[in-house]
Ligand SMILES: C[S@@+](CC[C@H](N)C(=O)[O-])C[C@H]1O[C@@H](n2cnc3c(N)ncnc32)[C@H](O)[C@@H]1O
């Protein structure tokens, strides 16, 4: 089975932690303010936005509350169900909707719709390696209106490697509610693909009980590599920021927040 289907679809209960760890929830309003600022800067004050890899609708709902029409697409049926519940709770059903779909076949998911902007936020890109990632960007170009901005927010490879002391093997943990996730990562410098095993444990009175293991894989990009991919896929890179506060990109910035426009 394709690893992303296994992780995001089969193990949704634990991976919702990966989709939105607590440190990400806490700064959602800051992230959304940055997204809206960038959309406006590139001329999108209203219109239809694609939230590509919408997870449980964190960004979808917030953008709808800012007055955008939003279509969220995610491969995980459980996340999409949760996103639509969240949309209903926020009372923004008129503006927002999430559907199940694979970004590798976005044309089939959105059919004739054309977007004023596309947002791929919080590491929702880079799961498949250069060629497939490029075809996803081509799909985005196909469903975007001419001049539409594409915002991609991913981890900055250089800062990830620095934080790991440039070691190829790295272990870290994430805790939430009753679950502890031990993530063991192996970075391949020949491909810049970081392959991880996520070991999920549940806390009980006796200690930690193993629940499952699931794969997680990222092609970690540097800014110039992402820009090359974007150009080859019909996008013109315009600017890059380095964090959710909106600071300019530097080699040790935690994130690459790339803005490009559909040529
Ligand atoms: C780290 S989460 C981010 C969720 C959301 N963008 C946010 O900011 O909260 C990445 C999301 O990408 C989704 N995803 C992974 N592969 C996908 C694919 N091929 N097509 C659509 N969604 C995908 C996962 O199900 C997950 O919800």
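The values are calculated or read from the model by the stated rules, or taken from the named source; none is laboratory data. The model shown is predicted, which means the values in this text are computed figures rather than measured ones. Virtual Cβ from ideal backbone geometry, glycine too; neighbours counted across all protein chains shown.
Give me a count of the residues in region 108-119 that are more than 18 Å from residue 263 (Cβ to Cβ) and within 14 Å of the ligand (Cβ to nearest atom). Please lay out each step first, then the result.
Our first condition is that a residue be more than 18 Å from residue 263 (Cβ to Cβ); within region 108-119, this holds for 108-113, 119.
Within this subset, residues satisfying the condition of being within 14 Å of the ligand (Cβ to nearest atom) are 108-110, 119.
So the answer is 4.
So, in region 72-99, of the ones that are in a helix (DSSP H, G or I) and buried (at least 22 other Cβ atoms within 10 Å of the Cβ), which residue ends up nearest to the ligand (Cβ to nearest atom)? Among those residues, the one meeting the criterion is 79.
Among the conditions (1) away from the ligand (no atom under 12 Å from the Cβ); (2) out of contact with any strand residue (DSSP E or B) (no Cβ under 8 Å at 6 or more places or on another chain), residue 69 misses just one, which is (2).
Of the residues in region 5-28, at least one is surrounded by fewer than 20 Cβ atoms within 10 Å (Cβ to Cβ), at pLDDT 90 or above and within 10 Å of the ligand (Cβ to nearest atom). Of the residues making up region 127-159, those that are buried (at least 19 other Cβ atoms within 10 Å of the Cβ), closer than 15 Å to residue 194 by Cα and more than 14 Å from the ligand (Cβ to nearest atom) are 156, 157, 159.
Just name the residue that is nearest to residue 165 (Cα to Cα) out of those in region 176-197 that are touching a strand residue (DSSP E or B) at 6+ places or on another chain (Cβ under 7 Å) and not in a strand (DSSP E or B). The selected residue is 192. Of all the criteria given as (1) in a strand (DSSP E or B); (2) within 12 Å of the ligand (Cβ to nearest atom), the one not satisfied by residue 55 is (1). The condition of being assigned to a strand (DSSP E or B), assigned by TED's automatic domain parsing to the domain that holds residue 245 and within 15 Å of the chain's Cα centre (by Cα) holds for only one of 152, 136, that being 152.
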